[in-house]
Amino acid sequence: MIFAFFKSLRPKQWVKNVLLFAGLVFALRIDDPHSWLNACLGFAIFSALSGVVYICNDILDREEDRLHPKKRFRPIASGAISPAAAGLGAIILGATALFVSFFFLPIQFAYLALGYLVLVTLYSTTFKHAVILDILILALGFVIRALAGIEVIRYEGAPPVVITPYFLITTLFLALFLAICKRRSEIVTLGEDAGSHRRVLKDYSRELLDMMLMVATSGVVFSYGLWTVQGQFAQTTKAVAPALHSAGNTYYLVLTLPFVLYGIFRYLWLVFQRDEGGAPETLLYTDKPLLLTVILWVMTVVAFMLRLG
């Protein structure tokens, strides 16, 4: 039963919470043990809270999941763990995560963690059935993660951290891009039965999602481009932010744009040519060119930030 409960937390989905470590890089805190500890705690808390919502969602949707070709194997839908036991475990885990947030981490982070829990709970109970709002709410969850990654490394005595709007806008468009690809994949994979597995899919069509995907794709590319040449990421103010605005330094950030372009185009190729994209976290592990692109992008950005430091 313990294994079934852990599986219900969907640990494969925790890769989404890696976004909380972005603050370490863009605030030049890679060599700060205190910031690393806070970021790791933040990652664990958001993973726990997202797992709690997954369990609640599986409890509510267990009847529908039993009709789904893949979701019927989930622990609650398959009967590996009872809804009562899973629900009790979720309550204990969620309460523990919030307790740690409010008593051991910056209060701004704690409020964001609580807000995230409320938002995704509302999504699971209400907004996931509302056309367009379902995608926007999913994207806002990533924006909250990005903000939380910045707030969690604020502590007394540490250099201040500046949040740039370019960072948040890029996160929003990238999250929209992935969410729209997910909806499109669900419609393609499930076909005429899509609406019976996820009610909101009745209100979408492949043509509509393709048009929305064009907007999201353009938003990702242009916002990231602006981020590289005009944004100051989430830098500290210790004589770093002004340097980022000089032509010599921002030029190097532009060199990371080809990785982003290839990653976006590769993902679109997988969505349109392979009918994949329903599980972005799985696709990242299974598609080696995409994984290599992400690794190279991370290494390049980290190297650049270390150069500034």
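The values are calculated or read from the model by the stated rules, or taken from the named source; none is laboratory data. The model shown is predicted, which means the values in this text are computed figures rather than measured ones. Cβ placement follows ideal geometry from the backbone for every residue including glycine, while neighbour counts extend to all protein chains displayed. When the accessible area is computed, the model is the full protein with side chains, heavy atoms only, and any ligands, DNA or RNA have been set aside. Shrake-Rupley method; radii C 1.70, N 1.55, O 1.52, S 1.80 Å.
Can you tell me which of Ala4, Ala77, Ala85 is part of a helix (DSSP H, G or I) and at pLDDT 85 or above?
On the way: Ala4 fails: at pLDDT 85 or above; Ala77 fails: at pLDDT 85 or above.
None of the others qualify; the one that does is Ala85.
Give me the pairs, please: first residue somewhere in the range 14-26 and crowded, with 21+ Cβ neighbours inside 10 Å, second residue anywhere and of a type in the set (Gly, Ala, Ser) and outside any helix (DSSP H, G or I), beta-carbon distance under 7 Å, and either six or more positions apart or on two chains.
Gly23/Ala234; Phe26/Ala234
Would you say Gly94 is in contact with a Ser or Thr (Cβ under 9 Å, 6 or more places away or on another chain) and closer than 21 Å to Leu60 by Cα?
Working: in contact with a Ser or Thr (Cβ under 9 Å, 6 or more places away or on another chain): no; closer than 21 Å to Leu60 by Cα: yes.
No: the conditions fail for Gly94.
Restricting the range 1-47 to residues that are among the charged types (D, E, K, R) and touching a helix residue (DSSP H, G or I) at 6+ places or on another chain (Cβ under 7 Å), which is nearest to Val162 (Cα to Cα)?
Within the range 1-47, the first condition is being among the charged types (D, E, K, R), and the residues that meet it are 7, 10, 12, 16, 29, 31-32.
The next check asks that each one be touching a helix residue (DSSP H, G or I) at 6+ places or on another chain (Cβ under 7 Å); those that pass are 7, 10, 12, 16, 29.
Numbers: Lys7: 37, Arg10: 33, Lys12: 31, Lys16: 23, Arg29: 13 Å.
Per the stated criteria, the residue is Arg29.
So which residues in the range 185-199 are closer than 18 Å to Phe127 by Cα and modelled with pLDDT of 80 or more?
If we filter the range 185-199 for residues that are closer than 18 Å to Phe127 by Cα, which is where we start, we get 186, 194-199.
Glu186 - this is the single residue of the range 185-199 that is closer than 18 Å to Phe127 by Cα and modelled with pLDDT of 80 or more.
One residue is enough: does the range 252-266 have a residue meeting the conditions at pLDDT below 80, open to solvent by 30 Å² or more (accessible area, probe 1.4 Å), over 20 Å from the mean Cα position of the chain (by Cα) and not acidic (Asp, Glu)?
At the first step, the residues of the range 252-266 found to be at pLDDT below 80 are 252-253.
The next check asks that each one be open to solvent by 30 Å² or more (accessible area, probe 1.4 Å); those that pass are 252.
This time we only want the ones that are over 20 Å from the mean Cα position of the chain (by Cα), so: 252.
Retained after the next criterion (residues that are not acidic (Asp, Glu)): 252.
Yes, the conditions are met somewhere in the range 252-266.
Pairs only if they're at least six apart or on different chains, beta carbon under 8 angstrom, first in the range 275-302 and without any contact (Cβ under 8 Å) to a residue 12 or more places away in the chain, second in a helix (DSSP H, G or I) and among the aromatic types (Phe, Trp, Tyr); list them, first residue then second.
Partner pairs satisfying both residue conditions: Leu291/Tyr285.
Looking at the range 124-139, which of the residues that are open to solvent by 30 Å² or more (accessible area, probe 1.4 Å) and within 19 Å of the chain's Cα centre (by Cα) is nearest to Tyr155 (Cα to Cα)?
Leu138
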